[in-house]
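The values are calculated or read from the model by the stated rules, or taken from the named source; none is laboratory data. Here the structure is a predicted model, which means the values were calculated and not measured. Virtual Cβ from ideal backbone geometry, glycine too; neighbours counted across all protein chains shown. Accessible surface areas use protein heavy atoms only, side chains included; no ligands, DNA or RNA. Shrake-Rupley method; radii C 1.70, N 1.55, O 1.52, S 1.80 Å.
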Amino acid sequence: MSNVVLDYRVSEFDTQQQADDYDVWFRQKVEEGLKCKTFHTHDEVMERLRQRRENTYTQIERLL
């Protein structure tokens, strides 16, 4: 791993070290996800998010 400065037109990271650290982190998250036994459909996730958004709006309205 090195601190070589990367070209901003080619990489979203400033240094090779940052890119390598992100790669390790990302691969770890993917492995954790693959081990997860819980499965949710797209519709289930979208419904959960809709409910959370609605609850948040309700809480904000109470504060106003």
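Key figures
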| item | result |
| --- | --- |
| The stretch 17-32 - residue that is hydrophobic (A, V, I, L, M, F, W, C) and over 12 Å from LEU6 (Cβ atoms) and, of those, least open to solvent (accessible area, probe 1.4 Å) | VAL30 |
| Subset of the stretch 33-44 (residues that are modelled with pLDDT under 95, assigned to a helix (DSSP H, G or I) and open to solvent by less than 100 Å² (accessible area, probe 1.4 Å)) | GLY33 |
| Residue that is surrounded by the fewest Cβ atoms within 10 Å (Cβ to Cβ), among those in the stretch 50-64 that are of a type in the set (A, V, I, L, M) and part of a helix (DSSP H, G or I) | LEU63 |
| Test: ARG9 is outside any helix (DSSP H, G or I) and either open to solvent by less than 100 Å² (accessible area, probe 1.4 Å) or not β-branched (Val, Ile, Thr) (or both) | yes |
| Check on GLU47, over 24 Å from VAL4 (Cα atoms), open to solvent by less than 90 Å² (accessible area, probe 1.4 Å), part of a helix (DSSP H, G or I) and not aromatic (Phe, Trp, Tyr) | yes |
